[in-house]
Amino acid sequence: MFTFSLTFIRQCSHSGETQYNKDKLLQGQGVDTELSDTGVQQAEAVGRYLADVPFNQVFASNLQRAVQTATLIMAHNTCSPGVEMQQEPLLRERGFGVAEGRPKEDMKNMANAAGRSCQDYTPPGGETLEQVKLRFQKFLKLLFAKMQDGRGWGSPTAASEDTPAGSTEVVTGESSAHVLVVSHGAYIRVAMRHFLDDLNCSLPAAYKTSQLLSPCPNTGISRFVITLRASSSGPVLHAARCIFANRKDHLEKLTSDV
C-alpha cells in the first residue's frame, strides 16, 4: 500500500482570473490567455499559503493560464527544491466547441434551447462530460505509475479533515508524498464527480455532495488522500478520501485590502 495527498487548485472561470473571466467570456481550450493582475495576486496568495507543503510532483494543464498559476505557486514554495512542473495536456480545460470565445450567456442560451442544463450541455464541436472524465482517468493512471516509480510502496497513513490546507501534516509517515495539480473549473468539477460517483470517495464529516461540486472561489483549494495497492497491471486505487474542498482562506487578506 502507498498513500499520498492530492491537492487541486482550480483555475480558469472559477480560479486564477484572466481578462476573459472579467469580461465573462468562455475560454475552454481554444482561448489561451494569461492571468490578469488580479489573477497574479490570487496565484501568489495561494503560493504563500502552500509554501510549507513539500510537493513531490507538480502537474499543470499546458494552457498558459494554468502554467502561470503553477509557476507562481511554486515560486513561493520553500520545501520543494528541484521539483519541476510537468505540463500535462490531459489536464486541459473541457473543450466548449463553438461556444469558446463567446459570452457565457450564449452557452446558457444554447443549453436552454436544447432543453439541457448548462453544466450538462455539450456545444457543437465541444467535449462531452464523458470524454473529459476519460481524460481524467488517463491522468490518474499516469499519476499512479509515477508515484509508484518515484516513491516505492509503504503503509497507509492517516489524515485529519481539520488539518490546515498549508500544513505538511496532512499525510505523515515514511511513505507520505504530496502532489499538486493545477487545472480548470469545468475539468475539476468532472474529476470531483468521478471521485464521488465512481471511486467511492469518502467525504469529511458534515460535508454534503453539493459542497464538493459547487462553484469554487478563485484559486480555491481541494485536497484528497489517495491510497494505492499493487496489482498485476500496476498500481490501482484502494481508497480515496476528501479532506476538504473549495477552501479560500488565502484570499481573505486580498479581499480585506480591496
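The values are calculated or read from the model by the stated rules, or taken from the named source; none is laboratory data. Here the structure is a predicted model, which is why all the values come from computation and not from measurement. Glycine also receives a Cβ, built like all others from the backbone with ideal geometry; neighbour counts cover every protein chain displayed.
Some values worked out for this structure:
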read-out	value
So ASN246, is it in a strand (DSSP E or B) and at pLDDT below 90	yes
Failed item, numbered, when PHE224 is tested on (1) under 14 Å from the mean Cα position of the chain (by Cα); (2) part of a strand (DSSP E or B); (3) surrounded by fewer than 21 Cβ atoms within 10 Å (Cβ to Cβ)	(3)
Of residues in the range 46-70 being polar (S, T, N, Q) and under 20 Å from ALA177 (Cα atoms), the one surrounded by the fewest Cβ atoms within 10 Å (Cβ to Cβ)	ASN56
Filter result (closer than 16 Å to PHE136 by Cα, buried (at least 21 other Cβ atoms within 10 Å of the Cβ) and aliphatic (A, V, I, L, M)) within the range 71-104	LEU91
Positions within the range 27-45 being among the hydrophobic types (A, V, I, L, M, F, W, C) and crowded, with 20+ Cβ neighbours inside 10 Å, in sequence order	LEU35, ALA43, ALA45
Scope the range 232-246; condition touching a helix residue (DSSP H, G or I) at 6+ places or on another chain (Cβ under 9 Å) and within 16 Å of SER5 (Cα to Cα); matching residues	PRO235, VAL236, LEU237, ALA240, CYS242, ALA245, ASN246
Hits in the range 5-40 - residues which are modelled with pLDDT under 80 and of a type in the set (D, E, K, R)	GLU17, LYS22, ASP23, LYS24, ASP32
Restricting the range 183-221 to residues that are in a loop (DSSP other than H, G, I, E, B) and charged (D, E, K, R), the residue that is modelled with the lowest pLDDT	LYS208
